[in-house]
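The values are calculated or read from the model by the stated rules, or taken from the named source; none is laboratory data. The shown structure was predicted, so the numbers you read here are calculated from the model rather than taken from an experiment. Cβ coordinates were reconstructed from backbone atoms using ideal geometry, including for glycine residues, and neighbour counts include every protein chain displayed.
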Amino acid sequence: MSDLHFYEPRNGHRDVPGLAHDPLNSIVAPRPIGWISTLAADGTRNLAPYSFFTLLNYRPPIVGFASIGWKDSVANITAMGEFVWNLATRDLAAPMNASAAMVAAGVDEFELAGLEGAPSRLVAPPRVAASPVAFECRHTQTLRLQGIDGAEIDTWLILGEVVGIHIAPHLIEDGAYRTAAARPILRGGGPGDYFEITEDALFKMRRPA
């Protein structure tokens, strides 16, 4: 196709006719939300959503999220070695968004967002009580990202092994987890685009033998 938009990210997109807004995070979308709860060394609870998040391995299960800047979540995980991923659902969209506020390190985002915490079994940070799924995680690696020139970027990739999983019983049917039943939300592009997973969006396709 000869009519494709093309730009080099290092030079920006604004000189390309028709690209008034950077399309990158709208293209790589929707993205699962890393709603991460941690504890500071003094016991202060922290809760924050990260849209650069995913599952990276099955056995052992490894999840990871990237933080642009050394934020409280990264500092807490580095110091304490544990975190919890909480599933963000449509019913929890507003408090999830509230927990994204840029506030001082001593602020408890559970209280800020009007959320109750629930005790974890194997790690110290609490879960979001209203979230139907939570992964208790232990920190395995921190990687500072680099560009192709080798220069370090102020973005930190945090990896953790899932050591415990909580699932609400209503999400299990015939022994299988029903993804859409939880109504998970995912981050899109722009300043505030989100998507919800629903049953009517489902299609099935087997991997070739």
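Miscellaneous remarks
- In the stretch 125-155, of all residues being among the β-branched types (Val, Ile, Thr) and in contact with a Lys or Arg (Cβ under 8 Å, 6 or more places away or on another chain), the one that is nearest to LEU112 (Cα to Cα) corresponds to THR155.
- Only one entry of GLU152, GLU161, GLU173 meets the criterion of being modelled with pLDDT of 95 or more, acidic (Asp, Glu) and surrounded by 12 or more Cβ atoms within 10 Å (Cβ to Cβ), and that entry is GLU161.
- Candidates in the stretch 141-161 are the residues that are outside any strand (DSSP E or B) and on the phi < 0 side of the Ramachandran plot; of these, the one that is farthest from the chain's Cα centre (by Cα) is ASP149.
- Residue among PRO49, PRO17 that alone is surrounded by 17 or more Cβ atoms within 10 Å (Cβ to Cβ) and either in contact with a strand residue (DSSP E or B) (Cβ under 7 Å, 6 or more places away or on another chain) or not in a helix (DSSP H, G or I) (or both): PRO49
- Matching entry among VAL162, VAL103 (being of a type outside the set (Phe, Trp, Tyr) and touching a residue at least 40 places away in the same chain (Cβ under 8 Å)): VAL162
- ALA79 fulfils the conditions (1) small (Gly, Ala, Ser); (2) part of a strand (DSSP E or B); (3) without any contact (Cβ under 8 Å) to a residue 60 or more places away in the chain except for a single criterion, (2).
- Restricting the stretch 111-127 to residues that are over 18 Å from ALA41 (Cα atoms) and in contact with a Ser or Thr (Cβ under 7 Å, 6 or more places away or on another chain) leaves a set whose member that is surrounded by the most Cβ atoms within 10 Å (Cβ to Cβ) is ALA113.
- ALA104 meets each of the listed conditions (1) in a loop (DSSP other than H, G, I, E, B); (2) over 18 Å from the mean Cα position of the chain (by Cα); (3) among the aliphatic types (A, V, I, L, M); (4) at pLDDT 95 or above apart from (4).
- Any hit, the stretch 87-96, residues being of a type in the set (A, V, I, L, M, F, W, C) and either surrounded by fewer than 17 Cβ atoms within 10 Å (Cβ to Cβ) or in contact with a His (Cβ under 6 Å, 6 or more places away or on another chain) (or both): yes
- Matching residues, the stretch 20-46, being closer than 25 Å to ALA75 by Cα and either of a type in the set (A, V, I, L, M, F, W, C) or assigned to a loop (DSSP other than H, G, I, E, B) (or both): ILE33, TRP35, ILE36, LEU39, ALA40, ALA41, ASP42, GLY43, THR44
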